[in-house]
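Colleague: Please find one structure pasted underneath; my questions will follow.
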Amino acid sequence: MCGIVGVVKPNAAIDIELVKQMRDSFTYRGPDDGGLWAGNDEHVVLGHRRLSIIDRSHNGHQPMIDEPSGCVIVFNGEVFNYREIKETLVSKGVEFKTESDTEVILKAYLAYGDECVQQFNGMFAIAIWDPAKQQLIMFRDRLGIKPFYYYVNENSINEQGVNENGVDENSFIFASECKAIELALPHKPKILAPLIDQYMSFGYVPGEYTLQEGIKRLLPGHKAVYDYSTATFTTSSYWDIPFEEQEDKGFDHYLAEGKALLNDAIDLRLRSDVPLGIFLSGGIDSSAVVGLLAERTQEQLQTYSVAFDFGQDFNETKYARLISEKFNTHHHELMLKPETFRDFIPEYVRLMDEPVTESAAIALHFLSQMTTQDVTVVLSGEGSDEIFGGYDLYRYMLVIERIRSVASSGGAKLFGHLAKLPGIKTSKIGKYLQLASLPMEERYKGISTYDGRIKEQLYTENFKKSLQESSTLKETNSFLSRLFSKKTKDVLSRMLYFDTKTWLVDDLLIKADRMSMASSLELRVPFLDYRLVEFAARMPAKYKVHKGQGKYLLKKMMEGLLPDEIIYRKKMGFPTPLKLMFQGELKDYSHALLLDDNAKINAYFDKHIIRNILEEHQENKQDHHRLIWQLVVLEEWLKQHG
């Protein structure tokens, strides 16, 4: 696990010291080693920070160069099946000098070209400079577990040949984190203000755009090519989730196949030259990882949990202890204080790089800090809900869809009218009546959807007007619409596809990467082995949500291994007591931040409405904790980047 950076400037030599600063802006991603390579008379520079996991010797140093071809690689992540790929290449006469997966990736590229990525099973962000082609070739893993950001010029060029950010017309910059790219820009990039609307809808900005002009994400399952000779940049998809029609092979087939794939996914993710641990919440996903891993080792497993001391509604540790006792793990617990949470918010925002309203991330940071005292690699249960249909919202949406299927078009319109009645309009009933009045494409906006009814009151008139004129916002909305235009076989599959392409990658996985890497901890997610994802996508929806029960197949897979108390208990996720904290320990902080006359959010939101929101929450008239947290994160981010 590492951090990577790179700059290509066909028209000018690159400042090597600046690239070093970029590389070292996230030393926590790779505290064990740092490398730099310059080519094409210093018109191409690649940098790398290394967290040594496989082949910890200097043989794994990056940037790594293949001397015969001159190809150079920087790589963040792991290709877990590197041994199998290496065996195939050796059988073809390819020679290796190291035991690292980095060399395997580079030799696979030389053997198979761009198609090499089809063989990789893992989490990765890869950049390879090919001098023969004069191209920089880049890949991001299929699910987007590892980040890849880039900057390309999208502005008009002045007489000096630079854009308004002071960047050369043909420059190309990439990095594992936005903060490294910002260092390479003479001026702070503009805020793409219209995308704040997307943030207010989702709690993050979905798709390829970030809130900073010119800085984009390479989408999951995509490759990119920067051609030095023509100074052109292109992206293309090399993989997608296969939600296509397939013959129902019967429950027993899927049960056996699911078990085999999950077991193999865990086997691959045990490959490491450093100690491993497991994040254990006590839910079925992390408990499954512990139970299956315990079958594979004689050594005592290290497990780690975190909770808030706010009573049983915010504390799952009793379930984690139950699993620890059953499988005899060495269990570690951390209790997080509200004051610690509050004081870390600005640093949380800085580490995340982007505004993401994932409050559980702060707990994950402190859990990661504790975990690195014992291990360097940790496994978690991330991704299970998105592939097996675990969220309650899926069931609610399926019920609404059934209601709509029996109601006439007039019935759907009636729901919409009822939703606007006084006394109902702002209630939860009003919210679901409004949802029932809409077709699926308009109704479902992901697992973290925020109630959009507040926007009409919250947004200033000038901000509303800017949204109507924004081409960037239209592009992002078009991206979201395309996700729903994919021809999938059922409503559940459409929701799962949408969430895997948005919520999973732009919220959960960015949280997992930033918070674990901030403590130099590698986090592995066996449920997101692409073979398991493809298997679940092709499986009929009735084996995912069955008679109102989510993750039905996984629960049946775990019977006999985990206690029923774990398998069939109500899902909690990671509960954060924000409602109580915004009425207590976070009250003064949030009021001072959001009601400041100089608050950055005043440019977009009505301060009087914000005051009403805070007062209603304080007086228990409405629970606005999600909205308040959303505003807090945005204000802190704008203070750092605006």
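The values are calculated or read from the model by the stated rules, or taken from the named source; none is laboratory data. This structure is a prediction, so every number in the text was calculated from the model and none was measured. All Cβ positions, glycine included, derive from the backbone under ideal geometry; neighbour counts span all protein chains shown. SASA here: full protein model, heavy atoms, side chains in, ligands and nucleic acids out. Shrake-Rupley method; radii C 1.70, N 1.55, O 1.52, S 1.80 Å.
Colleague: Report whether or not Asn81 is touching a Ser or Thr at 6+ places or on another chain (Cβ under 6 Å) and over 19 Å from Leu136 (Cβ atoms).
Modeller: Working: touching a Ser or Thr at 6+ places or on another chain (Cβ under 6 Å): no; over 19 Å from Leu136 (Cβ atoms): yes.
Answer is no for this residue.
Colleague: Right, another one. Restricting to region 26-53, name every residue that is surrounded by fewer than 21 Cβ atoms within 10 Å (Cβ to Cβ) and touching a Lys or Arg at 6+ places or on another chain (Cβ under 8 Å).
Modeller: Taking region 26-53 and keeping what is surrounded by fewer than 21 Cβ atoms within 10 Å (Cβ to Cβ), we get 27-28, 31-43, 52.
Those that are surrounded by fewer than 21 Cβ atoms within 10 Å (Cβ to Cβ) and touching a Lys or Arg at 6+ places or on another chain (Cβ under 8 Å): Thr27, Pro31, Asp32, Asp33, Gly34, Gly35, Leu36, His43.
Colleague: Looking at region 278-299, which of its residues are within 20 Å of Pro526 (Cβ to Cβ) and open to solvent by 40 Å² or more (accessible area, probe 1.4 Å)?
Modeller: Let us first name the residues in region 278-299 that are within 20 Å of Pro526 (Cβ to Cβ), namely 278-297, 299.
Of everything in region 278-299, those that are within 20 Å of Pro526 (Cβ to Cβ) and open to solvent by 40 Å² or more (accessible area, probe 1.4 Å) turn out to be Ser281, Glu295, Arg296, Thr297, Glu299.
Colleague: Please work out if Leu393 is within 25 Å of Ser201 (Cα to Cα), of a type in the set (A, V, I, L, M) and open to solvent by 20 Å² or more (accessible area, probe 1.4 Å).
Modeller: Working: within 25 Å of Ser201 (Cα to Cα): yes; of a type in the set (A, V, I, L, M): yes; open to solvent by 20 Å² or more (accessible area, probe 1.4 Å): yes.
When the stated conditions are applied, Leu393 passes them.
Colleague: Can you run down the residue pairs with Cβ atoms below 8 Å, 6 or more apart or on separate chains, where the first is in region 458-484 and surrounded by fewer than 17 Cβ atoms within 10 Å (Cβ to Cβ) and the partner is modelled with pLDDT under 85?
Modeller: The qualifying pairs are Ser481/Glu441.
Colleague: Check off (1) within 20 Å of Tyr568 (Cα to Cα); (2) in contact with a strand residue (DSSP E or B) (Cβ under 6 Å, 6 or more places away or on another chain); (3) open to solvent by 50 Å² or more (accessible area, probe 1.4 Å) for Asp309 and give me the number that stays unchecked.
Modeller: Here Asp309 clears every test but (1).
Colleague: Of all residues in region 312-335, which are of a type in the set (Asp, Glu) and either surrounded by 22 or more Cβ atoms within 10 Å (Cβ to Cβ) or in a loop (DSSP other than H, G, I, E, B) (or both)? Write out each step before concluding.
Modeller: Let us first name the residues in region 312-335 that are of a type in the set (Asp, Glu), namely 313, 316, 325, 333.
Glu316 - this is the single residue of region 312-335 that is of a type in the set (Asp, Glu) and either surrounded by 22 or more Cβ atoms within 10 Å (Cβ to Cβ) or in a loop (DSSP other than H, G, I, E, B) (or both).
Colleague: Mind checking whether some residue in region 411-418 is modelled with pLDDT of 75 or more and either of a type in the set (Val, Ile, Thr) or more than 24 Å from Ile610 (Cα to Cα) (or both)? Talk me through it step by step, then tell me what you get.
Modeller: We begin by selecting, within region 411-418, every residue modelled with pLDDT of 75 or more; these are none.
No: region 411-418 contains no residue that is modelled with pLDDT of 75 or more and either of a type in the set (Val, Ile, Thr) or more than 24 Å from Ile610 (Cα to Cα) (or both).
Colleague: Return the residues of region 614-629 that are in contact with a His (Cβ under 8 Å, 6 or more places away or on another chain) and open to solvent by less than 20 Å² (accessible area, probe 1.4 Å); say none if nothing qualifies.
Modeller: Keep residues of region 614-629 that are in contact with a His (Cβ under 8 Å, 6 or more places away or on another chain), which gives 614, 616-617, 623-625, 628.
Leu614, His617, Ile628 - these are the residues of region 614-629 that are in contact with a His (Cβ under 8 Å, 6 or more places away or on another chain) and open to solvent by less than 20 Å² (accessible area, probe 1.4 Å).
Colleague: Okay, moving on. Could you list, in sequence order, the residues of region 233-252 that are loosely packed, with under 12 Cβ neighbours inside 10 Å and either at pLDDT 95 or above or in a strand (DSSP E or B) (or both)?
Modeller: Thr234, Ser236, Ser237, Gly250, Asp252
Colleague: If you don't mind, another one. Kindly establish whether Pro275 is open to solvent by 40 Å² or more (accessible area, probe 1.4 Å) and in contact with a strand residue (DSSP E or B) (Cβ under 9 Å, 6 or more places away or on another chain).
Modeller: Numbers: open to solvent by 40 Å² or more (accessible area, probe 1.4 Å): yes; in contact with a strand residue (DSSP E or B) (Cβ under 9 Å, 6 or more places away or on another chain): yes.
It is true that Pro275 is open to solvent by 40 Å² or more (accessible area, probe 1.4 Å) and in contact with a strand residue (DSSP E or B) (Cβ under 9 Å, 6 or more places away or on another chain).
Colleague: Do the conditions hold for Thr230, that is, is it more than 22 Å from Tyr530 (Cβ to Cβ), modelled with pLDDT of 95 or more, of a type outside the set (A, V, I, L, M, F, W, C) and surrounded by fewer than 22 Cβ atoms within 10 Å (Cβ to Cβ)?
Modeller: On the way: more than 22 Å from Tyr530 (Cβ to Cβ): yes; modelled with pLDDT of 95 or more: no; of a type outside the set (A, V, I, L, M, F, W, C): yes; surrounded by fewer than 22 Cβ atoms within 10 Å (Cβ to Cβ): yes.
Against the criterion (more than 22 Å from Tyr530 (Cβ to Cβ), modelled with pLDDT of 95 or more, of a type outside the set (A, V, I, L, M, F, W, C) and surrounded by fewer than 22 Cβ atoms within 10 Å (Cβ to Cβ)), Thr230 does not qualify.
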